[in-house]
Amino acid sequence: MVGEIGRGLLLFLGIEKADSDKQVSALLHKVVNYRVFPDARGHMNLSLLDVAGQLLVVSQFTLVADTQKGLRPSFSSAADPETAEFLYDQFVREATALCATQSGSFGADMKVQLRNDGPVTFLLKS
């Protein structure tokens, strides 16, 4: 077991060639402040920080795949592994300063299990 959290968010993080430390900070701000947890009336109105939730960050280069043409994904927009790992580590470090954060192993073939509390999945871009 590399990382495990309780109530919180599982973030699959894909990093593209054009991404920089500015995107890391902007995306992290969005992730921890995005209002996806229910308030007392059941409305999505609370953020990860509001509920003192935990964050599990898993690297996932396949998220940046271009699937518009043909029958095979193109990963040409993905950052090179060295840059991606640097930005991934930066994201995890900055997240750890804001909330309880766990992470997967960058570039590893991991078995990820998720128990989703409702059919809620978002694609966030910075």
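Descriptive notes on the structure:
- Those residues of the stretch 46-81 which are of a type in the set (A, V, I, L, M), free of Cβ contacts under 8 Å to residues at least 24 places away in the same chain and surrounded by 15 or more Cβ atoms within 10 Å (Cβ to Cβ), in sequence order: LEU46, ALA65
- Being in a loop (DSSP other than H, G, I, E, B) and among the β-branched types (Val, Ile, Thr) holds for only one residue in THR121, THR101, THR83, and it is THR121.
- Number of positions in the stretch 93-126 that are under 17 Å from GLY53 (Cα atoms), modelled with pLDDT of 90 or more and aliphatic (A, V, I, L, M): 4
- Taking the listed residues VAL92, VAL112, VAL120, the one that is under 14 Å from LEU9 (Cβ atoms) and within 12 Å of the chain's Cα centre (by Cα) is VAL92, with no other qualifying.
- All positions within the stretch 82-104 that are over 30 Å from ARG35 (Cβ atoms) and surrounded by fewer than 14 Cβ atoms within 10 Å (Cβ to Cβ): GLU82
The values are calculated or read from the model by the stated rules, or taken from the named source; none is laboratory data. Computed from a prediction, not measured in an experiment: that's the story for all the values here. Methodologically, a virtual Cβ is constructed for each residue, glycine included, from the backbone with ideal geometry; neighbour enumeration extends over all protein chains shown.
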